[in-house]
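> Submitted below is the structure of interest, expressed as structure tokens.
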Amino acid sequence: MSGMTRNDCEAIGLPKDDEGPVFDKPWQAQAFSMMVHLYQSGLFAWRDWVQVFSEEIKASPALPGESANDTYYRQWTAAMEKMVASLGLTGADDISHRASQWRQAYLNTPHGHPVALAHASCPPMHHGHAPHRSPVAVSPAIGG
Amino acid sequence: MNHEHDHDHTEPPEEIELRVKALESLLLEKGLVDPAALEALIDTYEHKIGPRNGARVVAKAWADPLYKRRLLENATAAIAELGVSGVQGEDMLVVENTADIHNVTVCTLCSCYPWPTLGLPPIWYKSAPYRSRIVIDPRGVLAEFGLTIAADKEVRVWDSSAELRYLVLPERPAGTDGWSEEQLAELVTRDSMIGTGLPKSPDDAP
């Protein structure tokens, strides 16, 4: 930012950045792009989104110690949840439930392996489980 | 926390990331998200759009008086002439800095910003202090950006909205007679098109 020193930024209370990337973390780009993607599919008018987003910004300002991008994308994501709920696409309970499934999927996935939602209920290769092409136990028929 | 020694699981990300992932997978199942289109958007916003498109517009306006007239009369169409358009660029207004007027843009409600020409907004543009203070005390805030506006110059603050976004056309730096559009574009900074900065001087050019 031309002519603006770190002290200037502190004086105004503005976080400093250069002309580089505007996302701190990949999920922020994901959340941002998903909203634009939904908009492009014609589900709502941009002004409706701006209204929901503006209200969220007003209702939940920056928390102590939160970075500007963390604040912004927290507000963005919360507003996005409200927007999809108001459009009847999916509700907060569904999102919470699915989020906990994803958490379980991470926990069930061995380090270094790709995380899939299915791992939430069916852990891959758990405790060295190799696929068995024959029964692991047989109870022989009696008599015969 | 012995997680670094435990390779039997993958550490879950923070809650908000899980919720974004959850929403994406729910919408995907409903056929509301096209994964390829979403990936392309992410790639675009992460890597491909930025203030260079705006710089091309400004440089062309400096070099070509007829283009400048078209730009000030119908910015959306003039910008589209350079192949630049898209979400949050559907209705553009270019405001011209002159010897008597300095323009600066803000979105007081959230962060409306001309993405196709400037990329995504800088962090400070989205922050509450900028959004409120630039309206209350424009000269003071600009001074904090290192930009002192002469007392006899008018400062105009433009509030972007969901419908209309602004681009500031800065004054062409002195000492650039005969420069090509490509050379001129090198002088155009993002902040000079928001109005919180000025173009680089020819001495700073690479």
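The values are calculated or read from the model by the stated rules, or taken from the named source; none is laboratory data. Note that the structure is predicted; figures quoted are calculated from it, not measured. In this analysis, Cβ positions are derived from the backbone assuming ideal geometry, glycine residues included, and neighbour counts consider all displayed protein chains. Note: areas computed on protein heavy atoms with side chains; ligands, DNA, RNA excluded. Shrake-Rupley method; radii C 1.70, N 1.55, O 1.52, S 1.80 Å.
> Scan around B:HIS102 for amide H atoms under 5 Å from its own, H built in the peptide plane at 1.01 Å from N, and keep only partners 5 or more places away or cross-chain.
B:GLU154, B:VAL155, B:ARG156
> Given H placed 1.01 Å from N in the peptide plane, which residues other than close sequence neighbours of B:TYR166 have an amide H under 5 Å from its amide H?
Long-range HN contacts for B:TYR166: B:LEU93.
> How far, in degrees from 0 to 90, does helix B:52-63 lean away from the longest principal axis of the Cα atoms of chain B, to the nearest 10?
Helix B:52-63 and the main axis of chain B meet at about 10 degrees.
> Can you give the relative contact order of the range B:1-153 as a percent, counting alpha carbon pairs under 8 Å and 6+ residues apart?
Once normalised by length, the contact order is 19 percent.
> Report the rotationally averaged projected area of the range B:71-147 based on its alpha-carbon convex hull, in square nanometres.
On the way: hull surface 23.8 nm².
Over all viewing directions, the range B:71-147 projects a mean Cα-hull area of 5.9 nm².
> For the range B:167-206, state the semi-axes of the equivalent ellipsoid (square roots of 5 times the eigenvalues of the alpha-carbon gyration tensor), sorted largest first and rounded to whole angstrom. All intermediate terms of the calculation are to be shown ahead of the outcome.
On the way: eigenvalues 56, 19, 16 Å².
Equivalent-ellipsoid dimensions as semi-axes: 17, 10, 9 Å.
> Let me ask something else about it. Taking the Cα centre of the range A:23-90 as the origin and placing charges on Cβ (Lys, Arg +1; Asp, Glu -1), which of A:ALA79, A:GLN40, A:SER60 is farthest toward the positive end of the dipole?
Of the listed residues, the answer is A:GLN40.
> With everything on Cα atoms, drop me the angle between helix B:15-29 and the longest principal axis of chain B, reported from 0 to 90° to the nearest 10.
Relative to chain B, helix B:15-29 is tipped by roughly 80 degrees.
> Using R₀ = 35 Å, calculate the FRET efficiency as 1/(1 + (r/R₀)^6) where r is the Cβ-Cβ separation of A:ASP24 and B:GLU90; round to 0.05. Intermediate results must be reported in sequence, preceding the final value.
Values: r = 28 Å, r/R0 = 0.80.
Efficiency at R0 = 35 Å is approximately 0.80.
> So if R0 is 25 Å, what FRET efficiency would A:LEU117 and A:GLN40 give, r being the distance between their Cβ atoms, rounded to the nearest 0.05?
Values: r = 25 Å, r/R0 = 1.00.
Computed FRET efficiency for A:LEU117 and A:GLN40 comes out at 0.50.
> Over 24 Å between C-alpha atoms is what I'm after, so list which of B:LYS68/B:LYS153; B:LYS153/B:LYS200; B:LYS68/B:LYS126 land there. Kindly include the intermediate steps, with their values, before the conclusion.
On the way: B:LYS68/B:LYS153 22 Å; B:LYS153/B:LYS200 20 Å; B:LYS68/B:LYS126 29 Å.
Long pairs (Cα-Cα over 24 Å): B:LYS68/B:LYS126.
> In whole Å, what is the distance between the alpha-carbon centres of the range B:97-151 and the range B:13-72?
21 Å
> Kirkwood hydrodynamic radius for the protein assembly as shown: how many Å is it when counted over pairs of different Cα atoms?
Values: mean 1/r = 0.0438 Å⁻¹.
Taking the inverse mean of 1/r over all distinct Cα pairs, the protein assembly as shown comes out at 22.8 Å.
> Which residue, chosen from B:LEU71, B:LEU82, B:ALA99, occupies the Cα position most advanced towards the positive end of the dipole of the range B:48-119, where the dipole is computed from +1 (Lys, Arg) and -1 (Asp, Glu) charges on Cβ about the Cα centre?
Ranked along the dipole, the leading option is B:LEU82.
> Calculate the dipole size of the range B:1-147 relative to its Cα centre from +1 charges on Lys and Arg beta carbons and -1 charges on Asp and Glu beta carbons; express the result in debye to the nearest 20. Intermediate results must be reported in sequence, preceding the final value.
Working: 14 positive and 22 negative charges, 218 e Å.
Approximately 1040 debye in magnitude.
> Here is a further query. What cysteines in chain B have no other cysteine with a beta carbon less than 4.7 Å from their beta carbon?
B:CYS110
> Please compute the Kirkwood hydrodynamic radius over the range A:23-90, one decimal place, Å, based on all pairs of different Cα atoms. Can you show the working numbers first?
On the way: mean 1/r = 0.0807 Å⁻¹.
One decimal place: 12.4 Å for the Kirkwood radius.
> Mind checking how much accessible area A and B bury in total, 1.4 Å probe, in Å² rounded to 100? Intermediate values should be presented prior to the final figure.
Numbers: alone 10970 and 12180 Å², together 17290 Å².
So the total buried area for this chain pair works out to about 5900 Å².
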